[in-house]
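Since the structure comes first, as structure tokens, the remarks are kept for the end.
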Amino acid sequence: AYQGLGKLEEAVEVYKKAISINPDYIEGYYNMGVALKERGKLEEAVEAYKKAIALKPDYADAYYNMGNALQEQGNLENAIEAFKKAISLKLTIPEVYLNLGNALQEQGNLENAIAAFKKALELNPDYAEAYTNMGVALKEQGKLSEAVEAHKNALELKPNYVEAYNNMGVTLQELGKLEEAIEAYTKALSIKPDYAKAHQNLSFVLLNNG
């Protein structure tokens, strides 16, 4: 209840009390991990998830959430291991593949990142975030036309997706399609006027376009 109200500090204290009464209370450790991550206490969150997993080694959700905390820490290798473990335990939510793809992409493992995004889309064909993140990875591979198509797919599903417009603009700019890039950045800024990245990218393409 405290967690639902956003009172995370109080929530953590109550979870600690529950665990002090029953040191084998798996959900207490798991929920405390969620609250600690929301508070930005990533190291403590990881430890809470580890305790839940020690009591329940097949706890797929704990592996997934631990992976998210590790990824936020910048600990990509262990985050990837945690996501893969969650998948091996039959966690079949598209988010686990999206976040695995994001971690692999950050690591520079583009081929496997794209495969993970595709798996997320198999599970949820309407997953706009998976399309645009795949578009970014495809651009990094130099597959610019495929990247533009991925962003277009994202925008068909989520017409006000400012990140997709911005990412598409970057790709169009690299393709030399400067007018289309300007349109994409302008559209992003019509939706979110304070979107700094789009302002910066638009300024560069206008400069390059004379």
Taking the stretch 156-210 and the residues there that are without any contact (Cβ under 8 Å) to a residue 12 or more places away in the chain and assigned to a loop (DSSP other than H, G, I, E, B), the one that is surrounded by the fewest Cβ atoms within 10 Å (Cβ to Cβ) would be G210
Considering (1) out of contact with any Ser or Thr (no Cβ under 8 Å at 6 or more places or on another chain); (2) buried (at least 23 other Cβ atoms within 10 Å of the Cβ), say which one A147 fails and leave the rest. (1)
Looking across the stretch 90-135 at residues that are charged (D, E, K, R) and not in a helix (DSSP H, G or I), the single one that is modelled with the highest pLDDT is D126
Looking only at the stretch 73-126, count how many residues are under 21 Å from A54 (Cβ atoms) and open to solvent by 30 Å² or more (accessible area, probe 1.4 Å). 11
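The values are calculated or read from the model by the stated rules, or taken from the named source; none is laboratory data. What you see is a predicted model; the values in this text were computed from it and never measured. Positions of Cβ are backbone-derived with ideal geometry, glycine not excepted, and every protein chain shown enters the neighbour counts. SASA here: full protein model, heavy atoms, side chains in, ligands and nucleic acids out. Shrake-Rupley method; radii C 1.70, N 1.55, O 1.52, S 1.80 Å.
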